[in-house]
Structures are given as C-alpha cells and as structure tokens.
Amino acid sequence: MFFKLAKEGKKLVLLSFLISIIAFFVVGLWSIPLWLFFLFNLQFYREPFRITSFDVNEVISPADGKVISVEKIKQNQTEVIKISIFMNVFNVHSNKIPISGKIKTINYYRGKFFNASLDKASDKNEKNEVIIITDDGDEFKVVQIAGLIARRILCYCKVGDPVITGDKYGFIRFGSRVDLFMPNNFYALVAIGDKVKGGLTKIAIKHD
C-alpha cells in the first residue's frame, strides 16, 4: 500500500467495511452498494506518502486539485497574487503548508455552501484563513473553503506555531477549494487548468 488512511476518516472507513461484511453474509449481492460506499471512503480518505522537496524561496501547492484561478488582486490596498485550487471528491483532501514560517493569525468565518468552483465561493462560503509570516517577512494567506457538500473544515495549527513547507495542517471533507494569497514579489509557476498535488507541486517562486 502506497498510502495510509487520513486520521479524519479511519472510523468511517472501518465502520463502512464492517457493515459491508455483515450485509454480504445477510443479503449477498444486495450488499454491493455498501461495498461501493466503503471503496469511496477508502479512496477519499487516502493520504499518500509524500516527501516535500523545496527551496526556501519556493511555494508548494497547499492542496491536490485543479487550478481554477491565477490573478493579481488588491487586498487591503496592497497588490497580491491569488491562486485558487479546486478539489473534487476524488482528490486527496489533506491540506499542506505552502511555505515555511510562523503562524501569525487564524480566522474562521461561517458562511454558505456554494459550489467551490464558483468565484463567489471565496467570499460567501464557510472558510478558515491561516496567515503565515516567513523569516524574510513575506506574508502568505491560505484559505480553506467549504464546498457544495463539504460541511467541516479542520485546521490543526495554532497562532505562533512554527511551520515547515509540506507539513499537514488541515483537512476538508468532500468537494472544496483552497485559495492562496501571496506577495507580488513572487510569481506563479502554474496556470488555469493545471493539475497540482499538495506538498509536491511547486506553484510559485520568489523574484531574484
């Protein structure tokens, strides 16, 4: 096996497996839908073994999925680069630290549950913001955003925690998205439509 089960899904995977076995002996082939549910949970809560390789000036993808936005925007009168990654139900949903530093602030916002691929999801949906300050003083904001059926955002870091690129810091159940905001002294290495992997794909680098 080249992956382990994410801790967030171990109980559900085990329960669905046990129910499927019992159902097989009771109703035979009528248990197939339960086996399909078990297999879905198994693939959804998989957590592949990954080794993050990075340079101090490189930004690594915080999530698996598809890049749906790369743009320069104004935020608090400052120009920043925004990269949005959409995770469908078949992607790995473990979230990774994009760049080493220290956690400055964490803010959770209640909201709605629009399809995470829509632009309004960034502003309207339930979300959790983590701001990281690097040793050079660069500020990054990583935003976990709930999707149409996602109902729980998990974040394990705390204000003041030192973090390292590629560390797992959270998890979002079912289809969702992650927005990354970074200073304009970095430039994006990805484009809309690119597929990325959390903790592996280099998505930005600092200007020389």
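Looking at the structure I just gave you, is K141 at pLDDT 95 or above, open to solvent by 10 Å² or more (accessible area, probe 1.4 Å) and either closer than 18 Å to K96 by Cα or hydroxyl-bearing (S, T, Y) (or both)? When the stated conditions are applied, K141 passes them. Flag set for F181, criterion: more than 25 Å from A6 (Cβ to Cβ), in contact with a strand residue (DSSP E or B) (Cβ under 6 Å, 6 or more places away or on another chain), of a type in the set (F, W, Y) and outside any loop (DSSP other than H, G, I, E, B).
Checking each residue in the range 153-186 for being among the aromatic types (F, W, Y) and either touching an Asp or Glu at 6+ places or on another chain (Cβ under 9 Å) or closer than 14 Å to I99 by Cβ (or both) picks out Y169, F171, F181, F186.
Of note, V130 satisfies the criterion of being more than 17 Å from E47 (Cβ to Cβ), modelled with pLDDT of 95 or more and not aromatic (F, W, Y). Would you check if V89 is assigned to a loop (DSSP other than H, G, I, E, B), open to solvent by 30 Å² or more (accessible area, probe 1.4 Å), touching a residue at least 24 places away in the same chain (Cβ under 8 Å) and of a type outside the set (D, E, K, R)? Against the criterion (assigned to a loop (DSSP other than H, G, I, E, B), open to solvent by 30 Å² or more (accessible area, probe 1.4 Å), touching a residue at least 24 places away in the same chain (Cβ under 8 Å) and of a type outside the set (D, E, K, R)), V89 qualifies. If only residues of the range 154-178 that are open to solvent by 50 Å² or more (accessible area, probe 1.4 Å) and assigned to a strand (DSSP E or B) are counted, the one that is modelled with the lowest pLDDT is K168. Residues that are more than 30 Å from K195 (Cα to Cα), assigned to a helix (DSSP H, G or I) and either at pLDDT below 85 or open to solvent by 20 Å² or more (accessible area, probe 1.4 Å) (or both): does the range 33-47 have at least one? Yes; the residues of the range 33-47 include at least one that is more than 30 Å from K195 (Cα to Cα), assigned to a helix (DSSP H, G or I) and either at pLDDT below 85 or open to solvent by 20 Å² or more (accessible area, probe 1.4 Å) (or both). Considering only residues in the range 92-102 that are among the aliphatic types (A, V, I, L, M) and under 18 Å from V56 (Cβ atoms), the one that is surrounded by the most Cβ atoms within 10 Å (Cβ to Cβ) turns out to be I99.
Going through the range 61-73 one residue at a time, which ones are on the phi < 0 side of the Ramachandran plot and crowded, with 24+ Cβ neighbours inside 10 Å? Before you say what the answer is, go through the steps one by one.
Keep residues of the range 61-73 that are on the phi < 0 side of the Ramachandran plot, which gives 61-64, 66-73.
Listed by number, the residues that qualify are S61, P62, A63, D64.
Restricting the range 184-208 to residues that are assigned to a loop (DSSP other than H, G, I, E, B) and among the aliphatic types (A, V, I, L, M), the residue that is modelled with the lowest pLDDT is L200. Could you list, in sequence order, the residues of the range 48-60 that are open to solvent by less than 70 Å² (accessible area, probe 1.4 Å) and at pLDDT below 90? Scanning the range 48-60 gives P48, R50, T52, N57.
The values are calculated or read from the model by the stated rules, or taken from the named source; none is laboratory data. This structure is a prediction, so every number in the text was calculated from the model and none was measured. Neighbour counts run over all protein chains shown; Cβ positions are idealised from the backbone, glycine included. For the accessible areas, the whole protein counts, side chains as well, though only heavy atoms, and no ligand, DNA or RNA atoms are used. Shrake-Rupley method; radii C 1.70, N 1.55, O 1.52, S 1.80 Å.
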